[in-house]
Amino acid sequence: MTLTAARGGDLPAAPARRARPGVVERVTLIIDAFEDAPEHLLLEDITKITGLPRSTASRILRQLVELRWVEHGSRGFRLGPRMRHSGARSADYENLRVAAAVPLTELQIATGAVTHLSVLDGGIVHYLDKLGGAAANTVPSRVGGRLLACDTVSGRAMLSCLLPEQVDELMASCPSLSATASVDLHRELTVIQQRRGIAVSPGAHRTSGVSSIAAPVVGPDGPVAAISVARRGELVMEQVAPMVAFAARRTARALFPPDRESRARNRSNRLASAREARAQRISLAAGGA
């Protein structure tokens with residue numbers, strides 16, 4: 001089905017503009033093309049809406065994809081994470097905070113630990129909320145704090161919900177992640193994915209002495225957030241992990257209608273297959289070394 005047929009009419013005509021628009025204006029025309037259009041647009045759709053030459057639109061779109069302002073997939077182009085976070089961050093995060101408020105509070109009361117709500121922003125974890133009462137000061141985290149995703153349980157929980165190539169793309173900007181560390185990260189993500197996204201960091205293995213457990217909040221299109229608990233000393237995984245996972249599931253159900261849960265389950269199955277195939281490739285490569 002063509003885009004025109006799907007929308008029941010013609011695409012909007014190219015806006016009036018100067019004969020030779022500057023670079024900024026051309027980028028603006030492309031970004032504005034997504035405003036009243038369906039979520040995904042083909043290159044042909046964008047050239048028709050903007051009136052830009054195909055070669056010009058293609059070149060600018062390539063650069064926007066590289067910078068994560070636009071995403072490109074099998075269905076075409078759509079606004080990327082940087083644009084979505086910039087344009088709708090407050091509203092999106094407010095909905096997320098509301099959905100997580102009760103699960104996060106009840107988890108904090110049940111565990112006596114510090115609870116966090118965080119999101120993935122590229123290869124960075126951004127902390128939105130932190131609850132813990134008097135214990136909050138014992139855990140070195142803060143609302144608004146930003147850390148590398150691979151360095152936190154929340155980040156690894158969310159990364160485990162992505163395809164291996166998506167993880168590589170997000171972590172490509174991390175200079176401290178060597179080739180060996182990248183292989184180790186993928187192995188750990190495979191284990192986390194097998195635990196249904198539960199990521200664990202024992203306090204005994206960290207210089208801070210803080211133990212933490214996280215679970216992803218998963219929607220039909222992937223991870224939207226993570227919920228975690230942290231405390232000085234040890235957390236009993238068998239007791240705490242199910243409570244963290246339950247809080248994440250409650251948040252996901254509050255955000256997404258029940259009829260979309262099957263899409264999330266299907267996506268999880270595809271992820272498991274992709275990670276298993278990657279693990280086999282790593283094993284074969286190691287055996288032939």
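The values are calculated or read from the model by the stated rules, or taken from the named source; none is laboratory data. A quick note: this is a predicted structure, and the numbers were derived from the prediction, not measured. Here the Cβ is made from the backbone with ideal geometry for all residues, glycine too, and neighbour counts use every protein chain on show.
Only a single criterion out of (1) crowded, with 22+ Cβ neighbours inside 10 Å; (2) at pLDDT 95 or above is not satisfied by Met243, namely (1). For the stretch 11-39, filtered to residues that are surrounded by 17 or more Cβ atoms within 10 Å (Cβ to Cβ) and in a loop (DSSP other than H, G, I, E, B), the residue that is modelled with the lowest pLDDT is Leu11. When you look at Arg187, is it out of contact with any Cys (no Cβ under 7 Å at 6 or more places or on another chain), touching a residue at least 12 places away in the same chain (Cβ under 8 Å) and either assigned to a loop (DSSP other than H, G, I, E, B) or more than 19 Å from Pro216 (Cα to Cα) (or both), yes or no? No. Looking only at the stretch 90-116, residues that are surrounded by 15 or more Cβ atoms within 10 Å (Cβ to Cβ) and under 20 Å from Gln239 (Cα atoms) come to 11 in all.
For Ala157, indicate whether it is surrounded by fewer than 16 Cβ atoms within 10 Å (Cβ to Cβ) and among the aliphatic types (A, V, I, L, M). Criteria not met by Ala157. Taking (1) surrounded by 15 or more Cβ atoms within 10 Å (Cβ to Cβ); (2) touching a residue at least 40 places away in the same chain (Cβ under 8 Å) in turn, Gly203 satisfies each apart from (2). Is it the case, given these coordinates, that Thr152 is touching a residue at least 24 places away in the same chain (Cβ under 8 Å) and of a type in the set (S, T, N, Q)? Yes.
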